[in-house]
Amino acid sequence: MKIAVSGSHRVGKSSLIEKLGEVFPDYICKPEPYYELEETGHFFSEIPDVDDYIVQLRYSIEQVVSAESNIIFDRCPIDLLAYIQASDEFGEVDIQSLFREVTDAMTKIDLLVFVAVEEPDIISCAESDLPELRIQVDEILREWVQDLDCTLIEVYGSLSNRKDMILKQIKKMN
């Protein structure tokens, strides 16, 4: 399977992927495009801008389209498109065209795990972590993930509860 864990920042995606990696040791857990690109020498702004998100989006689309099975992605194209949409300076970017490109790529994902910002919020978000952007991206993703052509599950609660919800969904799919 190709599994993507989607959501805004500071919602527990990476911790969840770590836990899934323990359950599925034969799966490759891919870090966020930001970190992989940074490792290759790409320089990003201290606070990413639209151009930074577009670079990550292109990279993420390529990863999803070209990857084999048994992989878990930390972030996927729809996340990065949501950051572009939430950005104040997206101006000239053709969101509609990018959305079509992203939805095509997302058909390659077998299971999309959406980790939303919970009410009440169970993970603190300091002012330096851009809480307004976090909420904006979450709202955009809540709307967009419903339109994708892949199996979707929204997880919530403790890390253990989230993991169990995913395992139950995978069992149902098999």
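The values are calculated or read from the model by the stated rules, or taken from the named source; none is laboratory data. The model shown is predicted, which means the values in this text are computed figures rather than measured ones. Methodologically, a virtual Cβ is constructed for each residue, glycine included, from the backbone with ideal geometry; neighbour enumeration extends over all protein chains shown. Protein only, heavy atoms only, side chains kept; ligands, DNA and RNA dropped before computing areas. Shrake-Rupley method; radii C 1.70, N 1.55, O 1.52, S 1.80 Å.
Using a Förster distance of 41 angstrom, determine the FRET efficiency expected from the C-beta separation of residue 94 and residue 168, and round it to 0.05. Efficiency computed from Cβ-Cβ geometry: 0.60. Excluding ligands, DNA and RNA, the accessible surface per residue across the chain is 52 Å² with a 1.4 Å probe. Taking the square roots of five times each eigenvalue of the Cα gyration tensor of the chain, the equivalent ellipsoid has semi-axes of 24, 19, 16 Å, listed largest first.
Modelled label positions at residue 18 and residue 104, each set 7 Å beyond Cα in the direction of Cβ, lie 3.7 nm from each other.
Distance from a point 7 Å along Cα→Cβ of residue 46 to each backbone N in the stretch 125-149: keep the residues under 14 Å and list them by number. The answer is 128-130. For the stretch 106-174, relative contact order (Cα pairs under 8 Å, six or more residues apart, normalised by length) works out to 47 percent. Taking 0.36 nm per residue of separation and subtracting the Cα-Cα distance, what length does fully extending residue 159 through residue 143 add? Here the segment from residue 159 to residue 143 would lengthen by 3.4 nm. Nonpolar atom fraction for the stretch 43-174, defined as the carbon and sulfur part of the 1.4 Å probe accessible area, stands at 47 percent. For the peptides 164-174, 102-112, the ranking by packing is 102-112, 164-174, with the highest mean count of neighbouring Cβ atoms within 10 Å listed first.
Helices of the chain meeting both criteria, an alpha-carbon length of 18 angstrom or more along the long axis and an average Kyte-Doolittle score not below -0.5, with helices taken as full DSSP H segments, are 50-66. As I understand it, the dipole of the stretch 80-150 uses +1 on the Cβ of Lys and Arg and -1 on the Cβ of Asp and Glu, about the Cα centre. Which of 107, 84, 124 lies farthest toward its positive end? Selected residue: 107. With N as its number of residues, the stretch 20-68 has a Cα radius of gyration that, divided by 2.2 N^0.38 Å, comes to 1.33. About its Cα centre, the chain has a charge dipole of approximately 1060 debye under the convention of +1 per Lys or Arg Cβ and -1 per Asp or Glu Cβ, with nothing else charged. A cut-off under 14 angstrom between Cβ atoms defines the neighbours of residue 2, and their net charge, with Lys, Arg +1 and Asp, Glu -1, is -3.
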